[in-house]
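Taking it in order: structure first as structure tokens, then the write-up.
The values are calculated or read from the model by the stated rules, or taken from the named source; none is laboratory data. Bear in mind the structure is a predicted one, so any value in this text is a computation, not a measurement. No Cβ is skipped: glycine too gets one built from the backbone with ideal geometry, and neighbour counts run over all protein chains shown. Areas reflect the complete protein model, heavy atoms only, side chains present, ligands, DNA and RNA absent. Shrake-Rupley method; radii C 1.70, N 1.55, O 1.52, S 1.80 Å.
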Amino acid sequence: MANKVKNRWLIAAAAVGIHISIGSVYSWSVFTNPLREKHDWGLSEISLTFSIAILFLGLSAAFMGHFVERYGPRISGMIASACFGAGLLGAGFADSIGSLYMLYFFYGALGGIGLGIGYITPVSSLVKWFPDRRGLATGLAIMGFGFASLIASPVIAKLINGIGISNTFYLLGAIYFALMFLSSLYLAPPPKDWQPEGMKDQDQKEEKKTKDLAQLTANEAVKTVRFWALWSMLFINVTCGIAVISVASPMAQDIAGLSAGAAATMVGIMGLFNGFGRIGWATVSDYIGRPNVYTTFFALQTVAFLLLPNVTNAFVFQILIYLILTCYGGGFASIPAYIGDLFGTKQLGAIHGYILTAWAAAGLVGPLVVSWIRETTNSYSLTLYIFTGAFVAALAISLLIRINIRNIRKANNRTQAAG
């Protein structure tokens, strides 16, 4: 029977395969200018495609989380591959007939549904396969999502120049469907009561049983204070981070005086720090704990956002931006493990889906807020100070959630002692 247990590192590799595919959504901006030149569509009209995709990512993750738990990662992964692949193929058709609304439907809505299901499907499995290294495991997969644009962007640019926009969508749809579908075939939850070799000692098993705060269903989890604490922390982290990503180039030129070329280089390097932050912070969280990691995120970013408006040195400005990007990526990668710690793995995929609605909301709010304030005040300073205040609030939440955790742990200890 032991020989039939799948290799958990190959499960992790399959998860990376899915996330590298769906993470190509962050390369959407590469299509922007070619679509504008071909169809004379406005910049905001084309950018709305990306916003719709992120919105449907969050919504589908929330609504399909229970489906993932019920039918398992293999079937969910296949559905994700079909939706995302069809979305890209449909986007090629939309381009060929010049229909913006068809682009919204296929790439935005249908592709976004594939994004959401594909995002949560491997993560919930990995947490169960790596009870000893939750942060590392989820960080690996979600790092793939962060790094995807570094691989996809130059490839997409060359394909558009070589074979045209429609054919690029068709080719990407076929490749990503195949990669996601094949990766899904290997996904599976671990056998009941399975433990990795290093945890088979009875003392370690007992320690692990007491580590998770509770084993709750998704509907039970949303009724707790700590669920909404996690939601709020992720919302603030993503809102401020994605806002910076959306205006990084012009902001660097305005505040620190970078040239357009230097700012473009900075944006490319930001992707590296986004990706490394995912695996780095998530791995660190296995050693110092998820509460400490989130408190560190918000303490660092409070200082970084407070300093940014007044930093005229280009090197220091970029260091602060890169630091923010590591925290942005790390927040995504650490949240599934934090969910497992607080709510257990009974319905982790469903709870993760609910939490990701914070991403959908932040994806709409962040870029809109920073653009509106910039146009109103002709400066980024007010936005950065507002975000500083938001991180102070997030820092307070990260400290207050510890009180809630401590009280529940004490109650659990009293119950065990009485039993």
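For the list (1) under 26 Å from residue 58 (Cα atoms); (2) at pLDDT 90 or above, I need the number of the one condition that residue 402 fails. It fails just one condition, (1). For the range 394-411, filtering for residues that are basic (Lys, Arg) and either in contact with a His (Cβ under 6 Å, 6 or more places away or on another chain) or in contact (Cβ under 8 Å) with a residue 40 or more places away in the chain (or both) leaves 2. With respect to being free of Cβ contacts under 8 Å to residues at least 12 places away in the same chain and surrounded by fewer than 22 Cβ atoms within 10 Å (Cβ to Cβ), residue 26 falls outside the description.
Residues of the range 49-77 being open to solvent by less than 30 Å² (accessible area, probe 1.4 Å), farther than 24 Å from residue 90 by Cβ and not small (Gly, Ala, Ser), which ones? Once the filter is applied, which keeps residues that are open to solvent by less than 30 Å² (accessible area, probe 1.4 Å), farther than 24 Å from residue 90 by Cβ and not small (Gly, Ala, Ser), the range 49-77 yields only 73.
Checked against the criteria, residue 156 does not count as touching a residue at least 24 places away in the same chain (Cβ under 8 Å), β-branched (Val, Ile, Thr) and in contact with a His (Cβ under 8 Å, 6 or more places away or on another chain).
The C-beta contact set for the range 366-393 (first residue open to solvent by less than 50 Å² (accessible area, probe 1.4 Å), second residue among the charged types (D, E, K, R) and assigned to a helix (DSSP H, G or I), distance under 7 angstrom, 6+ apart or interchain) comprises 380/254; 380/374; 383/374. In the set 254, 286, only one residue is charged (D, E, K, R) and either farther than 26 Å from residue 401 by Cα or in a loop (DSSP other than H, G, I, E, B) (or both); that residue is 254. Just one of (1) modelled with pLDDT under 95; (2) over 24 Å from residue 212 (Cβ atoms) fails for residue 284. It is (2).
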